[in-house]
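Notes follow once the structure below has been shown.
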Amino acid sequence: MTFIRPRYSRSQVNRAGAILIAPQSCSDTDQDWAGEVLANWRACHGYPMNTFQATLRQKLAFIDAKAIVAQRLKRAPSVILKLQRFHGMQLARMQDIGGLRAILGSIRKVRKLESAYRGAHFKHELTSSKDYIKEPKADGYRSIHLVYRYVNTNVSAYNGLLLELQFRTRRQHAWATAVETMGTFLGQALKSGQGEQEWRSFFANAGAALAVVEKTPAVPGYESYTREQVFKLLANAEQSLRVLDKLQGFAIAADKILASRGSGAYHLITLDSGNRTVRIQPFSMTNLEQANSAYGQIEQRTKAGEPIEAVLVSAGPINVLKKAYPNYFLDTQEFVMQIRKIIDNVTSTRHRR
């Protein structure tokens, strides 16, 4: 099994990040070099991610055997956007280049998994954590984030790399999926807090309604609203924007998912939003370097203006991939179902009156 090792120093990685966010001031040679550095820096997170995934699955076996587990390497456009958004951030210190996600069946199970990690005797260092369930973001986002610094005396080349673990419920995952899917088709970075206010307000409202359903703390701005008021606001906003109709219209028919034959430990998922197609390319564990190369090639096409997005993930069979990364399949059925229930609740309440 071959894993990619870091080839550049932290200072070189940070220099590459500076070039990537201001390419107009650098030569083509410098830009090419910076792209190579980013590709290597991202790829070398594969080894520690595999280690953490094994531990995560072991813990989930006793907490939620039906939980979905996935890992992914952050997309280059997302890396660059984050560097641009947060002044002073350095590429070598970015916490979520390598990310793992667990999607569980309930808030109680999310909390049990969080406790299992906080009480674990790791050599790896927990450097930071965010409880966005107890304190949701103003945009409606809810999840638990734990960031670890990798430590392994036997494989010191990877020491110091940062990994982010996210624990969330299926409802929270459905919300995040809908935000990304709608952002893709509106051409707006809703996930990053950008885009038209009416859409951002809708998703904040949706997040607030789902927080009510899960009986967790309110999304900022909705603390003083009753359950009925939150639901009514959501129903009115949905009717105005026709969100559910739009999301259902984005769904890709099964025969348009073009999966290459064969199985693999990794899958490169490419979404062509213009043609509404998805291609899934499998790679074995021994072909990880080839997978990262293919990932980089597609991102170059994205940079050149093609309406495509790609992500390299490890989540198991294709049916599990769809559950772990539904936004790449334009699948927002879970979100549509949850919001439909809330709207039906408002409608039935009106009829009883």
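Below, the figures for the structure above:
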read-out: Qualifying residue in the stretch 149-163 (condition: under 18 Å from the mean Cα position of the chain (by Cα) and either modelled with pLDDT of 95 or more or under 19 Å from R111 (Cβ atoms) (or both)); value: yes
read-out: Where L91 falls short, out of the listed (1) out of contact with any Ser or Thr (no Cβ under 9 Å at 6 or more places or on another chain); (2) under 16 Å from E164 (Cβ atoms); (3) free of Cβ contacts under 8 Å to residues at least 12 places away in the same chain; value: (3)
read-out: Single residue of G316, G305 found to be modelled with pLDDT of 80 or more, at positive phi, surrounded by fewer than 21 Cβ atoms within 10 Å (Cβ to Cβ) and not in a helix (DSSP H, G or I); value: G305
read-out: I107 being out of contact with any Asp or Glu (no Cβ under 9 Å at 6 or more places or on another chain), among the β-branched types (V, I, T) and more than 15 Å from L163 (Cα to Cα); value: no
read-out: Top-ranked residue in the stretch 59-95 [being of a type in the set (G, A, S) and either surrounded by fewer than 16 Cβ atoms within 10 Å (Cβ to Cβ) or touching a strand residue (DSSP E or B) at 6+ places or on another chain (Cβ under 8 Å) (or both); ranked as nearest to Q297 (Cα to Cα)]; value: A70
read-out: Hits in the stretch 177-188 (condition: buried (at least 17 other Cβ atoms within 10 Å of the Cβ) and either in contact (Cβ under 8 Å) with a residue 60 or more places away in the chain or among the charged types (D, E, K, R) (or both)); value: T177, A178, E180, T181, M182, T184
read-out: For R279: the one exception among (1) at pLDDT 80 or above; (2) assigned to a strand (DSSP E or B); (3) within 18 Å of the chain's Cα centre (by Cα); value: (3)
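The values are calculated or read from the model by the stated rules, or taken from the named source; none is laboratory data. These figures come from a predicted structure and were not determined experimentally. Here the Cβ is made from the backbone with ideal geometry for all residues, glycine too, and neighbour counts use every protein chain on show.
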